[in-house]
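Visitor: Take this structure first; my questions come after.
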Amino acid sequence: MASKRLMNVTTPPSALFLDNKMGVISTCPPLNSASAADIDTAVANARRAFNGEWGAFTGEQRGVVLNKLADLIEQHTQEIAYFESLCSGTPISFLKSTMPSVVSVFRYYADWTDKYKGDYFPPEDGFCKIVEHTSVGVCAGVTAWNGSLHFLAWKSAPALATGNTVILKPSEKSPLGTLSVANLISKAGFPPGAFQIVAVITRFIWAGDVGASLASHMDIDKISFTGSTGTVRKVQDAATKSNLKRVTYELGGKSPAVVFEDADIERNLFWCTFGITGNSGQVCTATSRLFVQESIAEKFIEATLGADPMSPETQYGPLVDKAQYERVRIYIDDAQKVLSPVVGGDTYSVDDYYVAPTIFLNPPSDAKIYREEIFGPVLCIKTFKTEEQAIALANDTNYGLAGSAYTQDIERALRVSRAIRGGTVGINCTSIASPQVPMGGFKLSGIGRGLGEYALRHYTEPKTIVIK
Ligand code: NAD
């Protein structure tokens with residue numbers, strides 16, 4: 001059995017066999033054990049590439065290799081989705097339908113490589129000023145298991161487009177899809193050290209060590225982290241205590257969906273259901289608190305209960321592993337001591353970690369299921385009378401990642417979406433990530449933004465040059 005593993009870019013994932021239930025590798029190719037020394041090697045490679053071959057690439061050349069990588073990922077979608085599904089349990093249909101957006105992110109940033117220009121100010125005061133966007137240097141990315149391939153693209157593409165080198169570490173719970181992409185990096189034409197993947201392929205307690213080594217490394221200039229608010233505090237601490245490396249964080253949420261009486265219920269039911277059952281609720285932007293205007297509450301809730309979670313559109317799969325399954329069950333079981341769910345509360349199959357979509361009506365405002373991120377298919381529904389009340393309920397959370405407003409009144413839609421304290425608000429849909437627009441959170445949901453032009457700011461240092 002494998003113990004602690006670090007894989008490098010050349011290891012073929014097709015040689016691996018992962019037992020999802022046990023969470024261990026039963027057969028493994030010869031690999032090096034993960035250690036701080038491995039991270040030192042990866043960082044030394046990245047620094048060498050930054051100061052050497054990769055650093056000498058023009059913007060146009062960087063665009064060529066990013067586009068080539070996008071093409072290769074597109075050609076290998078089937079295989080990459082297979083490996084991702086194998087370890088994460090995410091339905092392959094869901095992965096295949098979302099893989100094109102991974103490819104789009106690489107293409108989007110390939111287009112930016114020679115366009116992220118700086119600024120110039122004329123010498124009205126006797127000094128001519130030029131502002132350049134300089135690469136930050138060696139960047140580390142640490143990602144969560146629920147969308148490994150997206151986070152791979154979101155973190156590496158803007159960093160590489162702006163001339164940084166990247167060391168990316170997927171979660172130990174879902175490393176295989178990312179490792180399939182690792183096989184394509186050198187084929188795309190990246191020079192050695194420019195873009196490296198390091199992966200731990202076990203779920204034991206020390207699986208976080210490699211991420212911790214990246215966070216505390218003295219020669220990493222920036223870390224971008226996607227994960228839980230618990231782990232990010234360790235990352236923040238390590239970044240502060242080491243070299244004050246730059247940080248950006250994409251964290252959790254407890255996002256609201258607000259349904260007004262004038263909403264087109266039939267049209268919006270899909271989005272409300274998808275908002276909590278997509279990837280079985282293991283989505284950072286899941287709308288796990290739903291507020292319905294009192295006048296339509298009965299009709300809407302009835303329609304919600306009638307939605308079929310097992311339909312192909314819902315793409316319903318198991319939770320990622322035993323630990324996540326147990327975590328979600330504890331939330332449901334604890335809540336059931338005082339509340340009866342109006343739907344669900346059961347387990348489809350303990351062996352496969354399926355949890356039925358579960359809805360609690362009007363939980364108390366201090367209930368754990370209402371306040372904490374569960375990261376599973378558990379929805380809390382409350383009713384409201386007025387728009388002001390709906391906004392107050394929506395914002396009554398420590399998180400601020402996303403939200404939705406359902407109404408046919410455009411003025412109300414804009415008013416409410418502005419009032420919701422969240423990074424992305426969907427009007428008549430759940431929040432959707434797109435390469436062009438920033439993604440990230442207010443409050444406990446993160447620092448900084450991924451995607452769009454905004455992400456480029458996090459991977460560059462503005463430098464002012466003053467000329468007399
Ligand atoms: P997690 O915090 O347990 O792990 C995230 C990553 O951190 C993993 O790669 C893990 O190996 C690594 N890690 C563990 N200990 C570490 C340490 N001491 N130092 C550095 N890295 C360490 O999170 P998870 O369970 O994998 O993911 C679920 C969480 O991620 C949820 O809270 C979810 O909301 C959040 N998330 C946020 C977004 C977003 O874009 N905002 C997207 C997806 C998931």
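The values are calculated or read from the model by the stated rules, or taken from the named source; none is laboratory data. Not measured: the values here are computed from a predicted model. Using ideal geometry, Cβ is built from the backbone for each residue, glycine included, and neighbour counts are taken over all protein chains shown. Surface areas here come from the heavy atoms of the whole protein model, side chains and all, with no ligands, DNA or RNA. Shrake-Rupley method; radii C 1.70, N 1.55, O 1.52, S 1.80 Å.
Visitor: Being more than 10 Å from the ligand (Cβ to nearest atom) and within 30 Å of Ser404 (Cβ to Cβ): is that true of Ala194 here?
Guide: So Ala194 does not fit the description; no.
Visitor: Output the qualifying pairs, or none if there are none: Cβ atoms under 6 angstrom, residues six or more apart or on different chains, first residue in region 452-467 and closer than 21 Å to Val138 by Cα, second residue among the hydrophobic types (A, V, I, L, M, F, W, C) and assigned to a helix (DSSP H, G or I).
Guide: Filtered contacts from region 452-467: Tyr459/Ala159.
Visitor: Here are Val338, Val350, Val343, Val416: which of them is open to solvent by less than 60 Å² (accessible area, probe 1.4 Å), in the same structural domain as Glu298 (by TED's automatic domain parsing) and modelled with pLDDT under 95?
Guide: Result of the check over Val338, Val350, Val343, Val416: Val343.
Visitor: When you check Ile73 against the structure, is it in a helix (DSSP H, G or I), at pLDDT 65 or above, out of contact with any strand residue (DSSP E or B) (no Cβ under 7 Å at 6 or more places or on another chain) and within 18 Å of Ser171 (Cα to Cα), yes or no?
Guide: In short, no.
Visitor: Being of a type in the set (Gly, Ala, Ser), near the ligand (Cβ under 6 Å from one of its atoms) and over 20 Å from Ala455 (Cα atoms) narrows it down to one of Ala212, Ala238, so name that one.
Guide: Exactly one residue qualifies, and that residue is Ala212.
Visitor: Please count how many residues of region 183-227 are part of a helix (DSSP H, G or I), within 20 Å of Arg48 (Cβ to Cβ) and in contact with a helix residue (DSSP H, G or I) (Cβ under 8 Å, 6 or more places away or on another chain).
Guide: 4
Visitor: Would you mind finding the one in Asp262, Asp219 that is away from the ligand (no atom under 16 Å from the Cβ), of a type in the set (Asp, Glu) and open to solvent by less than 50 Å² (accessible area, probe 1.4 Å)?
Guide: Only one candidate passes the filter, namely Asp262.
Visitor: May I ask you to verify whether Leu251 is within 8 Å of the ligand (Cβ to nearest atom) and open to solvent by 10 Å² or more (accessible area, probe 1.4 Å)?
Guide: yes
Visitor: Can I ask one more? Residue under question is Leu244, and the condition is that it be open to solvent by 10 Å² or more (accessible area, probe 1.4 Å), under 23 Å from Ala455 (Cα atoms) and away from the ligand (no atom under 16 Å from the Cβ); does it hold?
Guide: yes
Visitor: Do the conditions hold for Glu79, that is, is it within 24 Å of the chain's Cα centre (by Cα), modelled with pLDDT under 95 and open to solvent by 70 Å² or more (accessible area, probe 1.4 Å)?
Guide: yes
Visitor: Next question, about the same structure. From the set of residues in region 127-168 that are open to solvent by less than 10 Å² (accessible area, probe 1.4 Å), within 13 Å of the ligand (Cβ to nearest atom) and in a strand (DSSP E or B), which is farthest from Ile39 (Cα to Cα)?
Guide: Within region 127-168, the match that is farthest from Ile39 (Cα to Cα) is Gly141.
Visitor: It is to be established whether one or more residues within region 327-334 are in the same structural domain as Tyr316 (by TED's automatic domain parsing), more than 20 Å from Ser404 (Cβ to Cβ) and in a loop (DSSP other than H, G, I, E, B).
Guide: no
Visitor: Here's something else I'd like to know. Take the conditions in contact with a Leu (Cβ under 6 Å, 6 or more places away or on another chain) and open to solvent by less than 10 Å² (accessible area, probe 1.4 Å) and apply them to Gly177. Does it pass?
Guide: yes
Visitor: Related question: Which residues, taken from region 269-286, are under 15 Å from the mean Cα position of the chain (by Cα) and of a type in the set (Val, Ile, Thr)?
Guide: If the condition is that a residue be under 15 Å from the mean Cα position of the chain (by Cα) and of a type in the set (Val, Ile, Thr), then Val283, Thr285 are the ones that fit.
Visitor: For Thr240, all conditions in the list (1) part of a loop (DSSP other than H, G, I, E, B); (2) more than 30 Å from Glu53 (Cβ to Cβ) hold save one; what is the number of the exception?
Guide: (1)
Visitor: State whether the residues of region 407-430 include one that is part of a loop (DSSP other than H, G, I, E, B), more than 28 Å from Gln336 (Cβ to Cβ) and free of Cβ contacts under 8 Å to residues at least 24 places away in the same chain.
Guide: no
Visitor: For Gly163, indicate whether it is touching a Ser or Thr at 6+ places or on another chain (Cβ under 7 Å) and on the phi > 0 side of the Ramachandran plot.
Guide: yes
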